[in-house]
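Accompanying notes for the structure given below.
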Amino acid sequence: QAVGAGVCFRDGIRVVGLSAGPDGAEATVGADRVRAEIVIGADGANGTSAKALGLAGTPHYGVAFEGNVSYEAIPEGRYRGRAVVELGVVPGGYGWVFPKGDHANFGVGGWESEGPRLRDHLRRLCAEHGVPEAALAEVRGHRLPMRRPDGPLARGRAVLVGDAAALVDPLSGDGMYEALVSARLAAEHALAFLAGDAGALDRYAPSLQRALGPHASASWGAKVALDRFPRTVFALARAPGVFRIGSGILAGELGHPREARGFVRAPLGLVERLARVAGDPGASYRLPV
């Protein structure tokens, strides 16, 4: 579809020498030196655009390790339509079993410091579910960049989106929602700039803050509270109405737990206080310009 719309798509080509200034951006793409009005860094957690452009700062990092198990090796009926999440077993994260089309995905994730132990965590998760480690296929690891409040998202003619911008949700470790939102906003502001709105790119970061900042703040609070006080937070999460608030935030119906009304504000307020005790890095979370 992109090519059909006029995009020049180059696969397997290395990009080096990326820079952006007040008059545009330049990079060496394969053997060619190219220029562009705008550069949008969308090269993921291990890309080079953020460093080359001096954006994103130094994120917090999580790590994840996962593999797939065919339904030929496990009972499909046990997992089909059910997401299994294990809390309080991996510092800074969780273990999971997610059903897919013809297989289930088994994985674990947590703080970057858990990297040397992730294989053991995954082995234990499989054992708990009666899955032999040999049944795991396509085993792979991931870095999960989570934004610090002092990392810029844009400068001049350059902006970052998705994992390149370290927009991974700190609680879930997922980044798809953030990638889609940031990409949509980057495209809107880039098109406005190309149409003659000279200040459009300068408004990208504030727009992204409005869209993602409250959610990121709430996620940081829940993450550190759950990590420090897993039993208490898990008990609070099971209070009547609290799960509905959490699903409402994930569905985009609520921007922050403070928007909740009624008796559920009490357990949510306690989670927020526990986050402050635990040293919440998202207490004054911002996505700065």
Inset, instruction - Evaluate the charge dipole of the stretch 85-157 about its Cα centre and quote only its size in Debye, nearest 20, assuming +1 on the Cβ of each Lys and Arg and -1 on the Cβ of each Asp and Glu. - result: 480 debye
Inset, instruction - Starting from the Cα of D32, step 7 Å along the direction of its Cβ; do the same at V89; then give the gap between the two resulting points in nm. - result: 5.0 nm
Inset, instruction - Ignoring everything but the protein chains, give the 1.4 Å probe accessible area of H142 in square angstrom, nearest 10. - result: 70 Å²
Legend entry - Relative contact order (percent, whole number), the chain, Cα cutoff 8 Å, 6+ residue spacing: 18 percent
Inset, instruction - Would you mind working out the accessible area per residue for the chain, using a 1.4 Å probe, and quoting it in Å²? - result: 53 Å²
Legend entry - Per-residue SASA entry for Y177, accessible area with 1.4 Å probe, Å² rounded to 10: 120 Å²
Legend entry - CD proxy at 222 nm, helix term only [per DSSP H run n ≥ 4: -39500 (n - 2.57); per residue of the chain; nearest 500]: -10000 deg cm²/dmol
Legend entry - Among G12, G162, G67, residue whose mean-square fluctuation peaks in a GNM of the chain (springs only between Cα atoms under 10 Å): G12
Inset, instruction - Would you please report the Å³ per residue occupied by the convex hull of the alpha carbon atoms in the chain? - result: 159 Å³
Inset, instruction - Kindly report, to the nearest 10 Å², the accessible surface of M176 as traced by a 1.4 Å probe over protein heavy atoms only. - result: 120 Å²
Legend entry - Anisotropy class of the stretch 77-187 from Cα gyration tensor, a/c 1.5 cut: prolate
Inset, instruction - Could you size up the charge dipole of the chain around its Cα centre, putting +1 on the beta carbon of Lys and Arg and -1 on that of Asp and Glu, and report it in debye to the nearest 20? - result: 780 debye
Inset, instruction - Tally up the carbon and sulfur contribution to the accessible surface of the chain as a whole percent, 1.4 Å probe, everything protein left in place. - result: 56 percent
Inset, instruction - Could you please put F234, F106, F243 in sequence from largest to smallest accessible area, using a 1.4 Å probe? - result: F243, F234, F106
Inset, instruction - Could you tell me which of rounded, prolate or oblate describes the stretch 109-166, using a ≥ b ≥ c as the square roots of the eigenvalues of the alpha-carbon gyration tensor, with rounded for a/c under 1.5 and, failing that, prolate when a/b is larger than b/c and oblate otherwise? - result: prolate
Inset, instruction - Arrange the residues K223, K100, K51 by how much accessible surface each exposes, largest first, with a 1.4 angstrom probe. - result: K51, K100, K223
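The values are calculated or read from the model by the stated rules, or taken from the named source; none is laboratory data. All of these numbers come straight from a predicted model, not from anything done at the bench. For neighbour counting, all protein chains shown are included, and Cβ atoms are generated from backbone atoms with ideal geometry for every residue, glycine included. Each accessible area value is taken on the protein alone, full model and side chains, heavy atoms only, with ligands, DNA and RNA left out. Shrake-Rupley method; radii C 1.70, N 1.55, O 1.52, S 1.80 Å.
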